[in-house]
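I have placed the structure first, in the form of structure tokens, so that the comments after it can refer back to it.
The values are calculated or read from the model by the stated rules, or taken from the named source; none is laboratory data. Note that the structure is predicted; figures quoted are calculated from it, not measured. Cβ atoms come from the backbone with ideal geometry, glycine included; neighbour counts cover every protein chain shown. Only protein heavy atoms, including side chains, enter the accessible area calculation; ligands, DNA and RNA are left aside. Shrake-Rupley method; radii C 1.70, N 1.55, O 1.52, S 1.80 Å.
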Amino acid sequence: HSGWPGLIEAYRSRLPVADDWKVITLLEGATPLVAAPYLSELTGCEVYLKVEGLNPTGSFKDRGMTMAVSNAVNNGKTAVLCASTGNTSASAAAYATRAGITCAVLIPQGKIAMGKLAQAVMHGAKIIQVQGNFDDCLELARKATAEFTEIELVNSVNPARIEGQKTAAFEIVDVLGRAPDVHALPVGNAGNITAYWKGYSEYHHDGIASSRPRMLGVQAAGAAPLVSGEPVADPETIATAIRIGNPASWHQAVAAKDDSGGQFRAATDEKLLEAYRLVAGREGIFVEPASAASVAGLLAAREEGWVRAGETVVCTVTGNGLKDPDTALSGMGEVEAIDVDPVAVAHALGVA
Ligand code: F0G
């Protein structure tokens, strides 16, 4: 049997996986690194998109979840719990189902995209809405799992999550043959920037890549604690996935930025939506609003001169656009229906 075996099998020697583990996988990973000709032309850089929305549940979380749920099961845990702005809950629900264990998710009331909720519902997760934001949910999840140790916490504070997610950096170097000059990605709870930096650093240490990228971490302006240096009590942004005021991996994210000569920046919702439409409308890749933060950040950093012409840049687009149809369709006017008539079709296309 050939074909992609899932990221644990593909990178087994680089992951903390015991020989006797039962691996819980949906064949996540091996996502495409797609050249972005429009963005390359616009910036004078060589731009690629790491399309993480093509993972099994439509986001990068699956990379962490194959590790975290496998680890939980092999340690005899019977349930997993997470706080989530949506994607983590969708992924945890799917992998827990695959493992045959219980999953409960704590979500901020009214603040997650419909597609993500649909996923958690369909995978049979116990959905618990909390009167609070993501930060409140995570605090609650930490307390609950500290007290009831048969439940595994599968947020990115779980080291297994970071181990799984670091494989995205391996894949990029494996495909490009080198590390990019700049790696841009959205930052919310700051697990993913921590994971990428770990992955790049391990390949660099082992001589597989001769350099490491400058990490460009992009937050939404209404939820940009790493930019301001202070937690945000009431984070607010249309990019609900990264509506987070007090990232759990704060120190690791700062280390990734500092050690790489990188940068944190904030993008307004207006700029996020502009980049969101650009990626869909010009590159043919539909991502969710938070995912476009990487692209918004690149455009701003290039304009400023921090990213230079000729550099190779990878933007991670973290989640699939299908998860949030409401944002995609908002502002769309009424679509007129035509007669069942070929001339009417041609007329609508402007050729008759
Ligand atoms: N992009 C998307 C689409 C996300 O769902 C998240 C995080 C991020 C970026 C930020 O990644 O937290 O590692 O810095 N979503 C989490 C969730 C919080 O619950 O699904 P991070």
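Pick from Ser59, Ser249, Ser91: which residue has the top mean-square fluctuation in a GNM of the chain where Cα pairs under 10 Å get a spring?
Largest GNM mean-square fluctuation: Ser249.
Show log10 I(q)/I(0) for the range 46-109 at q = 0.19, 0.21, 0.29 Å⁻¹, two decimals, from a solvent-free Debye sum over equal Cα scatterers.
Computed log10 I(q)/I(0) values: -0.68, -0.79, -1.25.
I'd like to check one number: the per residue accessible area of the range 196-341, probe 1.4 Å, reported in Å² as a whole number.
Per-residue value: 46 Å².
Picking from Gly29, Leu81, Tyr11, whose Cα lies most toward the positive end of the charge dipole for the range 1-90 (charges on Cβ: Lys, Arg +1; Asp, Glu -1)?
Of the listed residues, the answer is Leu81.
At Val335 and Glu303, where each label point lies 7 Å from the Cα along Cα→Cβ, what is the point-to-point distance in nanometres?
3.2 nm
Taking one equal scatterer on every alpha-carbon of the chain, how large is log10 of I(q)/I(0) by Debye at q = 0.14 1/Å?
Computed log10 I(q)/I(0) values: -1.10.
What accessible area per residue comes out for the range 1-151, rounded to a whole number of Å², with a 1.4 Å probe?
About 43 Å² of surface per residue is accessible.
Could you tell me which of the pairs Lys77/Lys166; Lys22/Lys323; Lys126/Lys198; Lys61/Lys323; Lys22/Lys143; Lys198/Lys323 are separated by over 21 angstrom between their Cα atoms in the structure shown?
Over 21 Å apart, Cα to Cα: Lys77/Lys166; Lys22/Lys323; Lys126/Lys198; Lys22/Lys143; Lys198/Lys323.
Please give the peptides 159-167, 324-332, 297-305 ranked by average Cβ packing (other Cβ atoms within 10 Å per residue), highest first, as a rough proxy for protection.
Output ranking for 159-167, 324-332, 297-305: 159-167, 297-305, 324-332.
List, in order, the whole-Hz ³J(HN,Hα) value for each residue of the range 295-307 obtained from phi through the Karplus relation with A = 6.51, B = -1.76, C = 1.60 and θ = phi - 60°; use x for Gly and Pro.
Using θ = phi - 60°, the values come out as 6, 4, x, 4, 4, 5, 5, 6, 4, 6, x, 5, 8 Hz.
Just need the relative contact order of the range 13-115 here, percent rounded to a whole number, with Cα pairs under 8 Å and 6+ apart.
Reported as a whole number, the value is 24 percent.
How large, in percent, is the carbon and sulfur part of the accessible surface of the chain at a probe radius of 1.4 Å?
Taking all protein chains in place, the chain shows 53 percent carbon and sulfur surface.
Check Thr268: other-chain or 5+ apart residues with amide H under 5 Å from its amide H, H built from backbone geometry?
Ala221
With each label point set 7 Å from Cα along the Cα-Cβ vector, what nm distance links Asp136 and Leu42?
3.6 nm
I need to check one value: relative contact order of the range 92-139, counting alpha carbon pairs closer than 8 Å and at least 6 residues apart, in percent.
Dividing the mean separation by the residue count of the range 92-139 yields 45 percent.
Starting at 0 and stepping by 5 Å, how many percent of the alpha carbon pairs of the range 230-330 end up in each bin?
With a bin width of 5 Å, the distribution comes to 2, 12, 19, 23, 20, 14, 7, 1, 0.
Between Ala118 and Ser228, what's the calculated FRET efficiency when r is the beta-carbon distance and R0 is 30 Å? Round to 0.05.
0.30
Pairs of alpha-carbon atoms within less than 8 angstrom and 6+ residues apart define the contacts here; what relative contact order does the range 165-284 have, in percent?
Relative contact order for the range 165-284 comes out at 28 percent.
What is the distance, in nm, between label points placed 7 Å from the Cα along the Cα-to-Cβ direction at Ser2 and at Asp259?
3.8 nm
What residues have an amide H closer than 5 Å to that of Glu46, excluding those fewer than 5 places away on the same chain, when H is modeled at 1.01 Å from N in the peptide plane?
Residues meeting the amide H criterion: Gly310, Glu311, Thr312, Val313.
Taking amide H positions as placed 1.01 Å from N in the peptide plane, with prolines and chain starts having none, which residues 5 or more places from Cys103, or on another chain, fall under 5 Å of its amide H?
Correct list: Val80, Lys126.
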